[in-house]
């Protein structure tokens, strides 16, 4: 079923323009130019309380731009809208409408309405992008958008004088919290790796430079991901890229990667033992990325979750309304109970359960895990049909969802409206509602 009759043939120029626009929109919605100068890289309780009660002008402009982007994509795009959702599509549809229904029982209906509209328009924009761009173009758009925001963040730190990687306590933030920055850079690393392994149709003026360029971009993004010192995201990036690399490799290469990885780990252990050193402390400090002081309590997350448990138990089925739990009153109460300041649940599962109840958290789990299964099946189909020239989207979606699932355990980033979640919903929308009509191995990038 084709819902629209108009069409626009999207090329590289469209992909780049859309990527820059997305980067600009989400910069206005979620970024703080002075984030790297803040003690905790995030708004304090007073700022969060004010944001809870007031409408931010930058966010309002970003929301309007999201609405326009979605409308333009749906009007000018050419991909047919087809129901191919199954369990994942049903869960995604239910998760889309649940925030709006939560207005009925929200503690702050006005705030719930505003944030539900932002969430809805983000999905609206994702639908427009799915109709406008092919799967390969979506992967390129995600990579360009991440690089644009990364470049702006690096230039901002250089301008503010906060770029000091030689200092032991330095964390690269750019214009968002280092944990968010790491996840975003991780999406760029996954996109680069997938585009390297799924090069598509050869030919064109810059075909010979594409591979080295993607390698350089991936190396730079990974380096700065390490500089964020976000243990959760860095571990997730390494795991996601390794999974994608093995997933996309042929049978002999898979065996080589597996044997090589085990062999390298064994060689490192043997060398350490032969030197007579006890590497336990050094390995532990390296794994904690120099932030091992609170490792036993996951940097205070255990205390936060213990304090949040009674709130979840009070409203297990409905929650407190979409993204409206963190009022200034509750923030101060929780800060007093825990004994230190924090700005969120640091877990997508707690954040979703607080906003939409345990059923909302179950829907999120279905989307993540079911989406990974759907992406894996689509990737196997691509390998049978297109080989290395097939669409990179299934493998990219698999990597992004794996990264999101790992990150969700210790961070609440994917429970909010952000560039990373837009990319995730674009991949899910393409897989369930706007599939490409033919293998991209037979079309140009």
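Show the residue pairs meeting these rules: Cβ distance below 7 Å; 6+ apart or different chains; first residue within region 158-187 and without any contact (Cβ under 8 Å) to a residue 40 or more places away in the chain and on the phi < 0 side of the Ramachandran plot; second residue surrounded by fewer than 22 Cβ atoms within 10 Å (Cβ to Cβ) and in a loop (DSSP other than H, G, I, E, B).
If the second residue must be surrounded by fewer than 22 Cβ atoms within 10 Å (Cβ to Cβ) and in a loop (DSSP other than H, G, I, E, B), the pairs left are 164/170.
Which one of 87, 61 is modelled with pLDDT under 90 and more than 28 Å from residue 327 (Cα to Cα)?
None of the others qualify; the one that does is 87.
I'd like the full set of residues that are closer than 11 Å to residue 181 by Cβ and within 15 Å of the chain's Cα centre (by Cα), limited to region 141-161.
Listed by number, the residues that qualify are 146, 149, 150.
Could you tell me whether region 203-211 includes any residue that is on the phi > 0 side of the Ramachandran plot, outside any helix (DSSP H, G or I) and buried (at least 23 other Cβ atoms within 10 Å of the Cβ)? Please lay out each step first, then the result.
Kept after step one, since they are on the phi > 0 side of the Ramachandran plot, are these residues of region 203-211: 203-204.
If we keep only those that are outside any helix (DSSP H, G or I) as well, we get 203-204.
From what is left, the residues that are buried (at least 23 other Cβ atoms within 10 Å of the Cβ) are none.
Checking region 203-211: not a single residue is on the phi > 0 side of the Ramachandran plot, outside any helix (DSSP H, G or I) and buried (at least 23 other Cβ atoms within 10 Å of the Cβ).
Being crowded, with 21+ Cβ neighbours inside 10 Å, under 16 Å from the mean Cα position of the chain (by Cα) and closer than 24 Å to residue 347 by Cβ is true for just one of 401, 409. Which residue is that? Before you say what the answer is, go through the steps one by one.
Working: 409 fails: crowded, with 21+ Cβ neighbours inside 10 Å.
401 is the lone residue from the list that is crowded, with 21+ Cβ neighbours inside 10 Å, under 16 Å from the mean Cα position of the chain (by Cα) and closer than 24 Å to residue 347 by Cβ.
Which residue out of 321, 339 is modelled with pLDDT of 80 or more, at positive phi and buried (at least 18 other Cβ atoms within 10 Å of the Cβ)?
321
Considering only residues that are modelled with pLDDT under 90 and within 22 Å of residue 165 (Cα to Cα), which ones fall in region 204-235?
Listed by number, the residues that qualify are 229, 230, 231, 232, 233, 234, 235.
Could you list all residues from region 1-27 that are closer than 30 Å to residue 169 by Cβ and either at pLDDT below 85 or surrounded by fewer than 17 Cβ atoms within 10 Å (Cβ to Cβ) (or both)?
Residues satisfying the conditions do not exist here.
Tell me which residues, restricted to region 212-242, are in contact with a helix residue (DSSP H, G or I) (Cβ under 6 Å, 6 or more places away or on another chain) and not in a helix (DSSP H, G or I).
Selection gives 228, 230.
Can you find even one residue in region 101-115 that is part of a loop (DSSP other than H, G, I, E, B), surrounded by fewer than 17 Cβ atoms within 10 Å (Cβ to Cβ) and at pLDDT 90 or above?
yes
Give me a count of the residues in region 163-198 that are part of a loop (DSSP other than H, G, I, E, B) and either crowded, with 18+ Cβ neighbours inside 10 Å or touching a strand residue (DSSP E or B) at 6+ places or on another chain (Cβ under 6 Å) (or both).
10
Looking at 350, 332, which one is more than 25 Å from the chain's Cα centre (by Cα) and assigned to a helix (DSSP H, G or I)?
Numbers: 350 fails: more than 25 Å from the chain's Cα centre (by Cα).
One residue alone meets the criteria, 332.
The values are calculated or read from the model by the stated rules, or taken from the named source; none is laboratory data. Worth saying up front: this structure is predicted, and the values here are computed from it rather than measured. Quick reminder, even Gly has a Cβ in these numbers, built from the backbone with ideal geometry, and neighbours come from all protein chains shown.
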